[in-house]
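Colleague: One structure, pasted below without further comment.
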Amino acid sequence: AFPSLTFHPSEYVPEEAAPEDEQWSRHGKIGSRAGRDELACLDSHGCERFPNVRPAVPLDLSVPWKAWPPAVTENEGRFVLMLCSNVLHISPWECTLGFMSGGGKALAPGGHLFVYGPFKLGGKFFGDDGGAGNAAFDQKLRETNRVWAIRDVEKVGEAAAAQGLVLKDQVLMPANNLLLHFVKE
């Protein structure tokens, strides 16, 4: 797929693995699958199948840029696209700030940063159901982990702008999700 692009997947890998029944509530993810750890699972669908996909690297968005994997930091300012899918609502706000900061450093001028997931607009939930579904989901997130929440597009945009990333478009997606498109100045 897309042979002219090189993909470099990443995944949060906690220092201490959670028991299977606590992986979602502690880390917002399933973790290991089919006897493979997070990175091996990604690799089984990526670099083991496609020549233009690099091996997955562990990435904690809450740490400073200098602590990001060398595969990323050694290519500072050279990435043309970054994609973050279904992460910002199941992680602390510091991860949103870290992703935007990292995007501001990793992307080349004119590079694109996409974020997919549930969001609020102007501090309000939205959707065909008047926002009731995402409001209930947000409540469940907060009950599961107090630092999780559906983020506000405007606040995410402010964090991005502070790193030289301009919100160019927001696309309504299924299930009351959005795809936010930022471009590096």
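The values are calculated or read from the model by the stated rules, or taken from the named source; none is laboratory data. In this text, all values refer to a predicted model and were calculated from it rather than measured experimentally. Using ideal geometry, Cβ is built from the backbone for each residue, glycine included, and neighbour counts are taken over all protein chains shown. Ligands, DNA and RNA are stripped out before the accessible areas are found, and what is left, the full protein with its side chains, is counted by its heavy atoms. Shrake-Rupley method; radii C 1.70, N 1.55, O 1.52, S 1.80 Å.
Colleague: Can you tell me which condition residue 130 does not meet? The list is (1) assigned to a loop (DSSP other than H, G, I, E, B); (2) of a type outside the set (A, V, I, L, M); (3) without any contact (Cβ under 8 Å) to a residue 40 or more places away in the chain; (4) within 25 Å of residue 13 (Cα to Cα), and all the others hold.
Modeller: All conditions pass for residue 130, except number (4).
Colleague: Quick check: anything in segment 106-120 assigned to a helix (DSSP H, G or I), touching a helix residue (DSSP H, G or I) at 6+ places or on another chain (Cβ under 9 Å), open to solvent by less than 70 Å² (accessible area, probe 1.4 Å) and not charged (D, E, K, R)?
Modeller: Yes, some residue in segment 106-120 is assigned to a helix (DSSP H, G or I), touching a helix residue (DSSP H, G or I) at 6+ places or on another chain (Cβ under 9 Å), open to solvent by less than 70 Å² (accessible area, probe 1.4 Å) and not charged (D, E, K, R).
Colleague: Checking the conditions here, which among 61, 42 is under 16 Å from residue 14 (Cβ atoms), in a helix (DSSP H, G or I) and either open to solvent by 70 Å² or more (accessible area, probe 1.4 Å) or hydrophobic (A, V, I, L, M, F, W, C) (or both)?
Modeller: One residue alone meets the criteria, 42.
Colleague: For segment 153-185, give me each residue that is surrounded by 17 or more Cβ atoms within 10 Å (Cβ to Cβ), within 16 Å of the chain's Cα centre (by Cα) and in a helix (DSSP H, G or I).
Modeller: 153, 156, 157, 159, 160
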